[in-house]
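The values are calculated or read from the model by the stated rules, or taken from the named source; none is laboratory data. Note that this is a predicted model, so its numbers are computed, not measured. FYI the Cβ positions are ideal-geometry reconstructions off the backbone, even for glycines, and counts take in every protein chain you see.
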């Protein structure tokens, strides 16, 4: 009888440890998710802050296309995907090739 109670106590302790471990794992996953979301928000803030005022700040994501177009209007040049785009006198948008020739995009 005494062994049965000891056995039940050990099983209960093991169950508690298991549930605590699972709770810790869930908490760690949630903390990592929150941390990742904060980093993403910080990146977006930096991009929106720096990119809007620096035409040679390289943009490459599709959701940053609007910032690229705004910079073209404001500064008449903007970097997108490693290439610098310029706005011509008549409104055409072009890049400059290595040999100095303008390559009009649209």
Just to be sure before I move on: is residue 51 in contact with a strand residue (DSSP E or B) (Cβ under 7 Å, 6 or more places away or on another chain) and modelled with pLDDT under 85 in the structure I sent? yes
Across segment 62-82, what is the number of residues that are in a loop (DSSP other than H, G, I, E, B) and surrounded by 11 or more Cβ atoms within 10 Å (Cβ to Cβ)? 1
Quickly run through segment 31-64 and pick out the residues that are over 11 Å from the mean Cα position of the chain (by Cα) and in contact (Cβ under 8 Å) with a residue 12 or more places away in the chain. 48, 51, 52, 55, 56, 57, 58, 59, 60, 64
Within the bounds of segment 5-28, is there any residue that is under 19 Å from the mean Cα position of the chain (by Cα), free of Cβ contacts under 8 Å to residues at least 12 places away in the same chain and in a helix (DSSP H, G or I)? no
